[in-house]
1. Report the gain in length on full extension from residue 195 to residue 31: 0.36 nm times residue separation, minus Cα-Cα distance, nm rounded to one decimal.
2. For a quick check: sort 58, 115, 104 by the number of other beta carbons within 10 angstrom, fewest at the front.
3. Which residue, 89, 118, 105, has the largest displacement toward the positive end of the dipole of segment 89-136 when charges sit on each Cβ (Lys, Arg +1; Asp, Glu -1)?
4. Of 110, 188, 199, how do they rank once you tally other Cβ atoms within 10 Å and put the fewest first?
5. Mind sorting 94, 209 by how few other Cβ atoms lie within 10 Å of their own Cβ, fewest first?
6. Before rounding to the nearest 500, sum -39500 (n - 2.57) across all DSSP H runs of length at least 4 in the chain and divide by the residue total; then give [θ] at 222 nm in deg cm²/dmol.
7. Using R₀ = 25 Å, calculate the FRET efficiency as 1/(1 + (r/R₀)^6) where r is the Cβ-Cβ separation of residue 210 and residue 80; round to 0.05.
8. Of the listed pairs 88/152; 193/214; 64/130; 167/214; 64/142, which have alpha-carbon separations greater than 20 Å here?
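Where a number appears in this text, it was derived from the coordinates with a stated rule and is not lab data. In this text the structure is predicted, and so the values were computed from the model without any measurement. Methodologically, a virtual Cβ is constructed for each residue, glycine included, from the backbone with ideal geometry; neighbour enumeration extends over all protein chains shown.
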Amino acid sequence: MTGFATILPAGRKRRGEGHTRREEILQAAKDLFLELGFEATTIRRIADRVGISAPALYLYFKDKDELLLALCDLTFAHLMGAVDEIEKTVTDPLDRVRRFGEAYVRFGLSHPDEYRLVFMGAHVPESIRKTGHKAATDDPTKPGVGGALVFKRLVAILAEAQASGTKLKYPTDTCGELCWMGLHGLVSAFIVKPDFPWSNRELLIDGMLDIHLKGILQT
């Protein structure tokens, strides 16, 4: 997966290769956050893993929160790519909602490490603690705005369904949150309990998608 491939430490970068060093730092931070936990990981440990000094690392990221926000944005960028494809190929609004949910589930199950880090970690950076998925999206390059951008797209798809005549039980943002919460529970269960004797994973995924769609529709 681009952006999450294992990157080996290297020597001093030549001019113009700063982006490669940034990727190395992010990879090291991701690995250590998963191995040790956010709190136990230090900037010094990350720098040592990359093979640079802590002051050199600070040229790229000011603290661990900024590193975590960058990792979150990388994850959400891949989800955004899936949403782009859905919007290009699927015309029915309700089918788009379902496909959005399926893309979310497939991404989580295909990238359990990234999912654990972004959606199941205990630490939430202060800059998004109280805004979360409702953060302002006027500047899409702002660190940590990736989640809000993805959620905004889901709400827009739900609004399109509503405009086309579909009656929703709740406001579009509440419907979006309900969809996310239900699918998050499914993905988290599969990731945390991979060896649990689930009846049938594919049927459970289809069933949860059915449940969350029926649950937000007014009959």
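1. Taking residue 195 through residue 31 to full extension adds about 56.7 nm, to one decimal.
2. The fewest-first ordering by Cβ neighbours comes to 58, 115, 104.
3. 118
4. Going from sparsest to densest Cβ surroundings: 199, 110, 188.
5. If I rank by nearby Cβ atoms, fewest first, I get 94, 209.
6. Mean residue ellipticity at 222 nm (helix-derived): -20500 deg cm²/dmol.
7. 0.50
8. Pairs exceeding the cut-off: 193/214.
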